[in-house]
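Everything on this sheet refers to the single structure shown next.
The values are calculated or read from the model by the stated rules, or taken from the named source; none is laboratory data. This is a predicted model, so every value here is computed, not measured. Positions of Cβ are backbone-derived with ideal geometry, glycine not excepted, and every protein chain shown enters the neighbour counts. To get the accessible areas, we keep the full protein, side chains included, count just its heavy atoms, and leave off ligands, DNA and RNA. Shrake-Rupley method; radii C 1.70, N 1.55, O 1.52, S 1.80 Å.
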Amino acid sequence: MALTIGIGMELTASERSYMNSEDVAVFYPSGYEAARHEPSPIFMNELKSVGDVPAEWNLRPEFSTSDGKSVARIPVGKGVDFYGNGEVSGPLRRNGREVRFWNTDAPKYEADEGRRLYQSHPWVMGIRQDGTAFGVIADNTWKSSVSLDEDIVFESEGPAFRVIVIEKESPAEVLRALADLTGHIEMPPLWALGYQQCRWSYFPDTRVKEIADSLRINRIPSDVIWMDIDYMDNFKIFTFDKEKFPDPIGLNDYLHDRNFKAVYMIDPGIKVEEGYRVDDQGPAADYWVKDASGKPYVGEVWPGPCHFPDFTRPEVREWWGTLYKDYMATGIDGVWNDMNEPAIFNVETSTMPEDNRHLGGDGLAPGPHLRYHNVYGYNMVKASRDGILAANPDKRPFVLTRSNFLGGHRYAATWTGDNASDPALMKMSIPMTINLGLSGQPFNGPDIGGFFDDCTPELLAQWTSMGVYFPFVRNHSAAGTRSQEPWAFGPETLESCRTAINRRYRLLPYIYTLFREAYEDGMPVMRPLFFADVKDPSLRSEQEAFLLGGDLMVVPRWSETTARPSGEWNKIVLEDTPDDGFQANLYQRPGSIIPVAELSQNTTEYNTDRLTLLVNLDPEGKAARRIYEDAGDGFEFRDGEYADYTVTASTEGNEVTVKLSQTEGNLKKGPKSLRVGFVTPTGIKYTPWTKGDTVVFKKM
Ligand code: MIG
């Protein structure tokens with residue numbers, strides 16, 4: 001069936017289609033060539049048919065070609081709100097927007113007027129007015145774009161691609177189905193959920209120690225110090241500068257002794273230099289990406305002229321992984337993969353030529369950079385993760401990547417690249433982080449305080465006071481800008497940052513459970529407000545107030561919006577400190593219980609021995625929650641070394657009974673003392689501490 005509708009344009013219905021599972025349909029264009037798309041980086045398992053697409057199936061792509069581009073148009077009907085779309089700048093609701101899939105170093109999100117960022121997620125979620133939802137994946141790594149007007153239109157410079165459609169009753173179910181298709185995040189180490197201090201760059205090593213000491217002296221709970229590019233010898237990856245960082249083991253020991261972890265940067269560009277071990281290993285084995293003539297491509301980055309590993313090749317990924325062995329052995333805890341779009345200096349495109357060549361392997365065909373550009377970072381972090389895991393098989397790898405692709409959440413967490421110390425970009429970090437979560441990447445956050453330009457005391461206080469409720473919490477700033485640590489602006493700003501970060505650490509039992517949920521079923525950690533009531537149209541565009549998990553609503557202090565879910569969401573205050581005018585307001589969902597730990601200064605000290613259960617009853621006098629705990633690192637949890645608790649609250653007459661019981665897991669860790677914070681419209685009333693697992697109190 002082909003219908004000619006204009007010069008050079010041919011519209012065809014799907015040539016072949018099948019159901020891949022319940023509510024997931026796969027559509028192929030005519031002339032589909034598997035070798036030019038598969039194996040797909042997106043899916044955990046290659047897609048298979050489990051039956052025919054039923055006649056009443058609603059969303060069906062129309063495939064066509066136009067001006068040499070492969071097009072898939074998905075008519076969606078009226079009244080649909082679009083979300084997801086991966087790493088995007090601009091508003092939460094994506095209607096009327098266009099996104100270009102061509103991973104780009106995009107300072108201040110200004111490239112292509114914000115249409116192109118560091119990562120590509122050819123994915124759109126649609127929500128109808130009745131709350132039913134769908135998701136659409138274009139299984140395509142080639143340079144492409146999507147526009148979201150009346151319909152969803154994907155356009156690609158590569159060959160015709162298949163389209164996967166998920167149909168569900170709710171957005172949460174769509175995200176679970178996306179996770180089933182694309183995989184789940186791994187459990188992060190607990191320390192990666194703590195507060196992290198970064199700057200481009202802390203050097204020499206004495207400065208790093210000073211930062212660590214200042215965090216402790218100023219009583220800023222914190223877990224991680226980051227080493228940006230200047231630790232390297234002339235920006236050569238997997239080396240240390242002999243003067244600035246003469247003793248990396250000593251430095252990492254120093255940090256570990258003070259309960260800090262150390263994360264170091266590794267870029268993909270390898271300095272072209274004879275005698276440099278890493279560059280020397282490449283030529284013989286032919287590891288580098290090639291130019292169109294077949295010679296190793298050379299592009300300029302920090303170290304000067306560089307070679308770039310061809311990460312499409314399994315043997316290159318394996319070699320890359322082996323580089324981490326000695327490196328991690330210095331005591332490095334986590335790795336930061338930057339510049340992996342890949343970013344190249346001094347060229348107008350800011351990346352490699354589109355006709356550069358990648359060799360592929362393991363079923364992946366050789367192909368041009370036009371096909372493999374968007375998965376350069378993805379394949380790099382896949383190799384990094386494997387190598388780090390091989391180096392430290394008993395630890396959960398932590399990799400942070402700037403570039404990635406749909407499915408890459410399996411390998412790395414991410415941050416939203418180079419923002420700036422600008423209130424508008426602080427505000428934008430909320431929809432950005434939410435939309436990444438609605439695209440299968442729950443573990444992300446912005447540079448708190450802003451990367452470019454000078455921060456101000458107000459901005460740091462504001463940003464930290466809401467940023468602590470994001471999944472990833474790291475203060476970072478660019479070289480040449482003024483200092484941006486919590487103490488850099490004097491005692492008042494320090495106090496505001498401390499209060500906010502204290503609250504983060506108190507909420508860790510709750511936040512860790514949210515990560516467990518993300519690991520199990522793809523639920524985002526930070527959620528849009530409309531998740532509280534997907535049928536309430538007034539919440540669909542709310543992008544200032546947001547949810548951390550399902551039970552905690554965060555309203556930044558500067559926010560002037562008023563859209564709120566119905567029901568008695570009561571205000572909670574986690575620490576009684578004088579109001580500084582910056583702390584975000586927190587509200588707890590009716591029918592929920594939020595576990596709160598005693599204050600700790602880092603996740604090594606953190607424990608749930610004394611646990612406060614904040615109980616906000618629903619109109620029936622009930623509330624419930626799950627709490628998940630394990631060792632916080634390692635993999636024993638997979639063999640049953642974890643603890644899953646159920647907490648319930650019920651009311652009889654005037655008496656409320658709150659009961660905690662371990663429902664699963666062999667780990668006997670459990671709270672030794674409990675108390676309840678009874679959440680009321682006028683404040684929290686605390687019961688005395690008790691040793692048992694049940695707290696009974698009278699509502700008054
Ligand atoms: O060309 O390593 O986005 O976080 O501090 C800039 C220096 C390279 C870009 C990263 C930023 C990092 C910076 N990098």
Filtering strands (runs of 3 or more DSSP E) wholly in the stretch 15-124 for at least 3 residues that are within 15 Å of Ser156 (Cβ to Cβ) gives 62-66, 69-74, 98-101
ask   = Out of all the residues in the stretch 643-666, is one or more out of contact with any Lys or Arg (no Cβ under 8 Å at 6 or more places or on another chain), in a helix (DSSP H, G or I) and without any contact (Cβ under 8 Å) to a residue 12 or more places away in the chain?
value = no
Leu255 fails exactly one of (1) within 21 Å of Glu300 (Cβ to Cβ); (2) open to solvent by less than 20 Å² (accessible area, probe 1.4 Å), namely (1)
The residue that is nearest to Leu178 (Cα to Cα), considering only those in the stretch 7-33 that are modelled with pLDDT under 95 and among the aliphatic types (A, V, I, L, M), is Ala13
If we keep only residues of the stretch 189-227 that are in a loop (DSSP other than H, G, I, E, B), open to solvent by 10 Å² or more (accessible area, probe 1.4 Å) and not small (Gly, Ala, Ser), then the residue nearest to the ligand (Cβ to nearest atom) is Trp200
Checked against (1) of a type outside the set (D, E, K, R); (2) in contact with a Leu (Cβ under 6 Å, 6 or more places away or on another chain); (3) open to solvent by 40 Å² or more (accessible area, probe 1.4 Å), Ile593 satisfies every condition except (3)
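Every residue, every condition in (1) among the aliphatic types (A, V, I, L, M); (2) modelled with pLDDT of 95 or more; (3) in contact with a Ser or Thr (Cβ under 9 Å, 6 or more places away or on another chain), yes or no:
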position	(1), (2), (3)
Asn475	no, yes, yes
Ala479	yes, yes, yes
Tyr512	no, yes, no
Asp521	no, no, no
Taking the stretch 264-290 and the residues there that are under 18 Å from Gly361 (Cα atoms) and assigned to a loop (DSSP other than H, G, I, E, B), the one that is farthest from the ligand (Cβ to nearest atom) would be Asp286
Screening Glu629, Glu636 for residues that are open to solvent by 20 Å² or more (accessible area, probe 1.4 Å) and within 25 Å of the chain's Cα centre (by Cα) leaves only Glu636
Scanning the stretch 113-135 residue by residue, the ones that are in contact with a strand residue (DSSP E or B) (Cβ under 6 Å, 6 or more places away or on another chain) and open to solvent by 40 Å² or more (accessible area, probe 1.4 Å) total 2
Selection from the stretch 136-184 of residues among the hydrophobic types (A, V, I, L, M, F, W, C), assigned to a loop (DSSP other than H, G, I, E, B) and open to solvent by 10 Å² or more (accessible area, probe 1.4 Å) yields Trp142, Ala160
Scanning the stretch 228-239 residue by residue, those open to solvent by 20 Å² or more (accessible area, probe 1.4 Å) and without any contact (Cβ under 8 Å) to a residue 60 or more places away in the chain turn out to be Asp230, Asp233, Thr239
Exercise for review: Return yes or no: is Gly304 within 16 Å of the ligand (Cβ to nearest atom), out of contact with any helix residue (DSSP H, G or I) (no Cβ under 7 Å at 6 or more places or on another chain) and farther than 19 Å from Ser403 by Cβ?
Suggested key: yes
For the stretch 409-427, pairs from a residue that is touching a residue at least 24 places away in the same chain (Cβ under 8 Å) to a residue that is open to solvent by 40 Å² or more (accessible area, probe 1.4 Å) and within 12 Å of the ligand (Cβ to nearest atom), with Cβ under 6 Å and 6 or more apart or across chains, are Asp418/Pro107; Ala420/Lys108; Ala420/Phe452
Over the stretch 514-548, the set of residues among the hydroxyl-bearing types (Ser, Thr, Tyr) and out of contact with any Pro (no Cβ under 8 Å at 6 or more places or on another chain) is Tyr519, Ser538
- Query: Could you say whether any residue in the stretch 466-481 is within 21 Å of Leu547 (Cβ to Cβ) and assigned to a helix (DSSP H, G or I)?
  - Reply: yes
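Considering the stretch 258-284 alone, what residues qualify as being open to solvent by 20 Å² or more (accessible area, probe 1.4 Å) and not aliphatic (A, V, I, L, M)?
Correct list: Arg258, Asn259, Lys261, Lys271, Glu273, Glu274, Gly275, Arg277, Asp280, Gln281, Pro283.
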Quiz item: Hey, any hits in the stretch 189-209 for a residue that's of a type in the set (Val, Ile, Thr) and touching a Lys or Arg at 6+ places or on another chain (Cβ under 8 Å)?
Solution: no
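Run down Lys685, Lys659 and say which single residue is surrounded by 15 or more Cβ atoms within 10 Å (Cβ to Cβ) and not β-branched (Val, Ile, Thr).
When all the criteria are applied, what remains is Lys659.
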Within the stretch 347-361, of all residues that are touching a residue at least 60 places away in the same chain (Cβ under 8 Å) and of a type in the set (Asp, Glu), the one nearest to Asp112 (Cα to Cα) is Glu354
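Restricting to the stretch 468-494, and then to whatever is within 18 Å of the chain's Cα centre (by Cα) and within 16 Å of the ligand (Cβ to nearest atom), can you tell me which residue is surrounded by the most Cβ atoms within 10 Å (Cβ to Cβ)?
If we take residues in the stretch 468-494 being within 18 Å of the chain's Cα centre (by Cα) and within 16 Å of the ligand (Cβ to nearest atom), then Asn475 is surrounded by the most Cβ atoms within 10 Å (Cβ to Cβ).
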